[in-house]
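Below: the structure, in structure tokens.
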Amino acid sequence: MKLKGLLFAILFGFSALVANAQLSEYDANAPLGFGANTTGGAGGTSVTVSTLSELQSALKSSGKKEIYIKGAIQLTSMLRVDRQSDKTLYGLPGSSLYSNERTNASNTGILYFKNCSNIIIRNVTFKSAGAYDCDGNDNLCFENCQNMWVDHCDFQDGVDGNFDCKKQSDNICVSWCKFHYLKAPMSGGSGGASDHRFTNLWGSDDKYTDDRGKLRTTFVCCWWGEGCKERMPRVRYGQVHIVNCLWNSSVTNYCVAAGQEAQVYVEKSAFIGVKNPITDYDNSNQSGGVMVDCYTQNISGSTSVRYCTFNPSNAYANNWKKIDANQVLTVLTGCNGAGATLNVEEGKGVVGSACGGGSHGGGDQDPVKNDPVITKTGSGPSKQTIELGESIVNFGYTWSYADDVEVNGLPSGINVNIDRSSKKVSISGTPTEFGVFNYTIQTVGAENNAQKSGCITVTKNGFTGNASLIICDENAQIQDSVILGNAITPFCFAFSNCQSIEIQGLPNGIETNINNDTLFVSGTPTEIGNYSWNAKTVGGISETTITGQINVINDPTSTKDISHESIFVQNVIDNRLNIWIANETDVKIEIITLTGQVEESIEHTSGDISVDCSNLNNGVYIVRITTSDNVIAKKMVKR
């Protein structure tokens, strides 16, 4: 053990001396806790990669290596690394690994390490296409990996997750990393979740009991920022120590979840404006989760799970310098805080932070900047419903890492006061118009501007606008003709901002049915006639009307014989109607619409005839043929 400690000091001591002057005073610049023995590719050969093929070759090569990512490298499918060890992967300032694939599940994701050990990943920015529950892949995943350190990485918009760990992975340290979502989630995936911004899953299955005694992980100074919904992390089986971390996403369902037999110890961390800091996800009732010396502000829901039997001080020396919980927000959101904020030079590793104090080494590359952050303040919710003439409950926002903000979409009468010196926004007042107002507040001038949204609903007499009545299908036949005994083409109306809808003037046999805010009309008329109907809204601020007509006619084919052995009528082909007439003279041929209008009338002496139908609209017609002793009616279709 003494030899291992000496080796660790040799490998990390020099870089710590160079970099610590510029890093946060709380940044150890070394793996801590369960991952403390990770050394990566220190002492090995150095290689810089700027293409996917170069990255793949370096990660899959033998021997110790320090690999430097330069520029942006696109992945068209997940890069899988199996049975490798002794590698350190650095992201140079301004570099990233990114994927634009979102809907083809098998091609999503960025890096997947399986059966690997002694791997370090530092200052790498992972960017995917956005959350979509299609059973896809993560930005980063460890399977059966041991002694892994992930430090100062920025995880954005993972399709399935940002960073997952599973199947007997063990002795992990995740430090100074930032997890967030900049893109709106996509719904409709095969998994069923409409919003799958589920960031970190630690243990993939309750039934995978081989994870007992594994998945031991230390999270240090990590930040779960805007857009994170759940799994920050969700843990199965493992012992997880979370220290000096920050949760301040405005869309949380929960933060940390203690799943199957998990033990989670959260120490000196900050939960701001979130729901359920720690929640129970264990059907076996054997998990435990506890918050120790933590700072909370404007939280709700669960803060512990049963009794936590795990204490990290019994597993390792839990004695490094820690941030006071009420200062975690300030430290982690600073320019040398969580995320890809390190200054890295090729062949030298970490030489400082993005705050300065060391050369960039990359020449034309810029240090990574923190993304803007918007935080909700005040007692009033961002979604309010009031009656016209009432004032909203005052609320506001603060912002950081941007020079300015803009607010759009609020109703008239609402006052917006922007204090740019203190970076605060105050919102108050009494709306002077009614309706539904979806508003946004967005930072201005940053590379990746932050945005939050809300909704002010202003009603008048309980309604948000004038009454509305629309046909559900724009192709519906509200001017319809039908033969007695046949059903009409069903149609429907959608109505809003009123109490109900009524329709009058329909023929007997037609039924109406209201389901939620939709009126359905269908049925079979039982009487002949021309029926003008009227549909109108009832009980709104205003009244809206739609009119239509149903013309019910007797079946012309029932006039006399419906067939005649000596007469044959063909449907229209190439705009010609061909009629074969045998043993008949002085014949009258009429083409009639279903409403009874005669479109063509021809006197014919004898023999076959071909009638030009190019002037007829497509549809169903009646061909009525009058002979000296009979009337024959045939149906004809023109397409």
Review point. Are any residues in segment 340-364 open to solvent by less than 30 Å² (accessible area, probe 1.4 Å), within 16 Å of Ala72 (Cα to Cα) and modelled with pLDDT under 80, and if so, which ones?
Key: Gly362
**Study point:** segment 97-124, residues that are over 18 Å from Ala72 (Cα atoms) and part of a loop (DSSP other than H, G, I, E, B)
**Key:** Arg102, Thr103, Asn104, Asn115, Cys116
**Study point:** Candidates Ser85, Ser175, Ser106, Ser77, filtered to the one that is among the hydroxyl-bearing types (Ser, Thr, Tyr), closer than 26 Å to Glu54 by Cβ and more than 26 Å from the chain's Cα centre (by Cα)
**Key:** Ser85
**Study point:** Residue match in segment 517-527 (condition: open to solvent by 80 Å² or more (accessible area, probe 1.4 Å), closer than 20 Å to Asp480 by Cβ, at pLDDT 90 or above and not in a strand (DSSP E or B))
**Key:** yes
Point to revise | Candidates Ile427, Ile418, Ile441 - the one that is at pLDDT 90 or above, surrounded by 13 or more Cβ atoms within 10 Å (Cβ to Cβ), more than 30 Å from Cys498 (Cβ to Cβ) and under 23 Å from the mean Cα position of the chain (by Cα) | key: Ile441
Practice item. Please determine, by comparing only the residues of segment 90-103 that are under 14 Å from Leu52 (Cβ atoms) and of a type outside the set (Ser, Thr, Tyr), which one is most open to solvent (accessible area, probe 1.4 Å). Key: Asn100
**Study point:** Among (1) surrounded by 20 or more Cβ atoms within 10 Å (Cβ to Cβ); (2) within 21 Å of Met148 (Cβ to Cβ) - the single one Lys60 does not satisfy
**Key:** (1)
Point to revise | Candidate set from segment 558-604 (those that are acidic (Asp, Glu) and open to solvent by 30 Å² or more (accessible area, probe 1.4 Å)); member that is modelled with the lowest pLDDT | key: Asp561
Practice item. Kindly provide the set of residues from segment 32-57 that are assigned to a loop (DSSP other than H, G, I, E, B) and surrounded by 19 or more Cβ atoms within 10 Å (Cβ to Cβ), ordered by number. Key: Leu32, Ala36, Thr38, Thr39, Gly40, Gly41, Ala42
Check your understanding: Quick check: is even one residue across segment 71-86 touching a residue at least 40 places away in the same chain (Cβ under 8 Å), in contact with a helix residue (DSSP H, G or I) (Cβ under 7 Å, 6 or more places away or on another chain) and buried (at least 16 other Cβ atoms within 10 Å of the Cβ)?
Key -> no
Exercise for review: Filter segment 397-421 for residues that are in contact (Cβ under 8 Å) with a residue 24 or more places away in the chain, on the phi < 0 side of the Ramachandran plot and not aromatic (Phe, Trp, Tyr) and give the result.
Suggested key: Thr398, Ser400, Ala402, Asp403, Asp404, Val405, Glu406, Val407, Asn408, Leu410, Pro411, Ile414
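The values are calculated or read from the model by the stated rules, or taken from the named source; none is laboratory data. Everything numeric here is computed off the predicted structure, so don't read it as measured data. Positions of Cβ are backbone-derived with ideal geometry, glycine not excepted, and every protein chain shown enters the neighbour counts. Keep in mind that these areas ignore ligands, DNA and RNA; they rest on the heavy atoms of the full protein, side chains included. Shrake-Rupley method; radii C 1.70, N 1.55, O 1.52, S 1.80 Å.
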